[in-house]
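Working notes, beginning with the structure itself.
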Amino acid sequence: MNIKNRITRSLLVIGALGIVTVSFVLTRCAPEQRQRPNIIFIMTDDHAYQAISAYGSNRNRTPNIDRLATEGIRFDRCYVTNSICAPSRAVILTGKHSHMNGVHDNHSRAFDGFQDTFPKRLQKGGYQTALVGKWHLKSTPSGFDYHEVLPGQGAYYNPDFLRNGEMIRYYGYNTDVTTDIALRWLKEDRKKYQPFMLMLHYKGPHRQFTPNVTHAHRYKNDHIAEPGNLHDNYENRASPARDQEQSILNHMGVEDVKISIPEPQRMKFHQRSVLKHAYEPKKAAEESAKLAGEELVSWRYQRFIKDYIRSVDSIDENIGLILDYLHEAGLEKNTVVVYTSDQGLFLGEHGWFDKRFMYEESIRTPLVVRWPEVIEPGQVNDEHLTSNLDFAQTFLDIAGLEATGDMQGRSLLPLLRGDSPDSWRESVYYHYYEHGFHGVPRHEGVSTGEHKLINYYTLGEWELFDLKTDPNEMTSVYDDPSYAEVQERLTAELAKLRTQYQVPPNDKRADK
Ligand code: CA
């Protein structure tokens, strides 16, 4: 169908809506707009780069995410600005740090949907916009032609979704259901004459890492590799590492290791039966009761990491279905597919199972982008410091649209093209605000990728890490005189970034 016929058909369908609508359709059907790329922005919840084989995982395989990396570009130094779910999403939508977008933590405030966001800008700029899956920002999504989201964290089994505000219960496993909704929208509901931006945001593999019944028996007799610092003793660092409440030994719940099956009230009888058969909760409780110390940590680690990678398996398989659809529909070449997570996660590193700290496994997030018309396949960018702060401007740049003047990131489009900009950021700023969950105090800091300075300002404690000699962050060199110059330089850099990003004075009594 040529462009004239497309317009004619559109006019026939909606002609009765009047002159304003007609001009709207004509604008959206302009030839230059039809050629703009589609965007599928896939984001998972808590998917650590350590559990992606493209990033060298020694624990699992992720062939479809790997395929995106092989056919596109993998970023090795992508960092989040605040390592927790809702704040990360607010940063991504607005391109602004938490203190600017108002979502400091998961609990205190709903996202102000009147703010400018990249989906709103894409929508105004002629893109059809959709959001499917996890939202987690409390307020009603704005800037989307279609949204079907999980209320709150959502359920792994037989989940409820809010479709443009109407509650619908589905039967099945969350990751499968989320994909089915997205595929239905892609195949049947979207308007084929408009470029689209789909945010496909999975709940998995968030706690309690619950797998599909079809995957519950996988890896049962396998031994999954442990991280080298699973039994960290927390010496040589500031007190928060020792005093946190996210250790596998002391704070992991019975649902995390399936001594108790999560969400039993939501499951159908056969779903519960399959999981009980797979986990043998009573036997597991007896087995673990005989263990203590490092043996107990290792036992719990095996229980939870297997569920984690089972959950990741479902994610990866479902991404494969999305990629298959793009291929079959002839959309592969001019569709940008982005894969990322809302932040990293400790998979046993430091003996932990959550995030929040400004340590690498928590703040570094996977970022893989495929766009066959623009990105040379098989690229790895291990040079540039990138951030979830950059995503909004990147999407707008890809669509040929202007960012708002107060966005604080930078478009990654030159890096996607393989260009090397004359100047790039030399450090990233981090600020974690939520206190009370998992016992991690407020802190801020700066990382250059080589050195990292952390200020636990409510405690008056600092850490400095040399990431080249100590990539696992086991020894703070803050008090080491040989690092005095580095400490001085990073202290100045932190002050510079606070000014650049307009960070208000820290509330030093916030955690008291
Ligand atoms: Ca998360």
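The values are calculated or read from the model by the stated rules, or taken from the named source; none is laboratory data. Predicted model, so just to flag it, every value in this text is computed and none were measured. All Cβ positions, even for glycine, are placed from backbone atoms using ideal geometry, and neighbour counts span all protein chains on display. These accessible areas exclude ligands, DNA and RNA; they are computed on the full protein's heavy atoms, side chains included. Shrake-Rupley method; radii C 1.70, N 1.55, O 1.52, S 1.80 Å.
On the full set of protein chains, 1.4 Å probe, figure out the accessible area of R169 and give it in Å² to the nearest 10.
About 150 Å², ignoring ligands and nucleic acids.
Calculate how steeply helix 269-279 sits against the longest principal axis of the alpha-carbon atoms of the chain, using the helix alpha-carbon long axis, and give the answer as 0 to 90 degrees to the nearest 10.
Rounded to the nearest ten degrees, it is 40.
May I ask you to compute the full-extension gain from S423 to E328, defined as 0.36 nm times their residue separation minus their alpha-carbon distance, rounded to one decimal in nm?
Contour length minus Cα-Cα distance gives 30.2 nm.
How large a share of the accessible area of region 320-470, in percent, is made up of carbon and sulfur atoms when the probe is 1.4 Å and the other protein chains stay in place?
For region 320-470, the apolar C and S fraction of the accessible surface comes to 43 percent.
How large is the dipole of the chain about the Cα centre if only Lys and Arg carry +1 and Asp and Glu carry -1, each at its Cβ, rounded to the nearest 20 debye?
2300 debye
May I ask you to give the solvent-accessible area per residue for region 121-183, in square angstrom, as obtained with a 1.4 angstrom probe?
33 Å²
Hey, what number do you get for the chain at 222 nm if only DSSP H runs of n ≥ 4 count, each worth -39500 (n - 2.57), divided across all residues, to the nearest 500?
Helix-only estimate at 222 nm: -9000 deg cm²/dmol.
Please give the per residue accessible area of region 430-500, computed with a probe of 1.4 Å over protein heavy atoms only, in Å².
Per residue, region 430-500 has 43 Å² of solvent-accessible surface.
What Rg and what Dmax come out for the chain when only alpha-carbon atoms are used, in angstroms?
For the chain, the Cα radius of gyration and maximum Cα-Cα distance read 23.2, 77 Å.
Please give, to one decimal in nm, the separation of the simple spin-label points placed at K220 and Q153, each 7 Å out from Cα toward the Cβ.
Those two pseudo-labels are separated by 2.7 nm.
Determine the share of region 53-113's accessible area contributed by carbon and sulfur atoms, expressed in whole percent, with a 1.4 angstrom probe.
That fraction is 43 percent.
Output the 0 to 90 degree angle, nearest 10, between the alpha-carbon long axis of helix 19-28 and the longest principal axis computed from the alpha carbons of the chain.
That helix lies at roughly 60 degrees to the long axis.
Hey, if you drop one equal point scatterer on each alpha-carbon of region 430-500 and run the Debye formula without solvent, what base-10 log of I(q)/I(0) do you get at q = 0.11 Å⁻¹?
The Debye formula, applied to the Cα set alone, gives -0.27.
Region 138-186 to region 470-489: how many Å between their Cα centroids?
46 Å
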